[in-house]
Amino acid sequence: MPETGTQRAAEPATIPSLNRKWLNRGLVVRLAIYLVGSHLFAAFLFLLFELGSHRH
C-alpha cells in the first residue's frame with residue numbers, strides 16, 4: 001500500500017547529550033541490579049542443593 005500524506009514513517013527521536021548521559025547511567029544501574037539479583041538467586045539455589053545433599 002503506497003504511503004499517503006497523512007501516514008508517515010516513525011522517525012527516531014533525537015536524544016540530547018544530557019539525556020544520553022542519564023540513559024547510560026540508568027542502564028548501568030539496571031545492569032548492576034540484575035547482576036546482584038541473579039547472583040543472590042544462584043546463591044539461594046546453591047544453598048538449597050547443599051542442604052538437600054546433606055539430608056539423608
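Go through the residues of the range 3-12 one by one and say whether even a single one is part of a helix (DSSP H, G or I), of a type in the set (A, V, I, L, M) and at pLDDT below 90.
No, the conditions are met nowhere in the range 3-12.
Yes or no: Val29 under 12 Å from the mean Cα position of the chain (by Cα) and either assigned to a loop (DSSP other than H, G, I, E, B) or at pLDDT 80 or above (or both)?
Considered against the rule, which asks whether it is under 12 Å from the mean Cα position of the chain (by Cα) and either assigned to a loop (DSSP other than H, G, I, E, B) or at pLDDT 80 or above (or both), Val29 comes out as yes.
The values are calculated or read from the model by the stated rules, or taken from the named source; none is laboratory data. All figures in this text were calculated on a predicted structure; none of them were measured in a lab.
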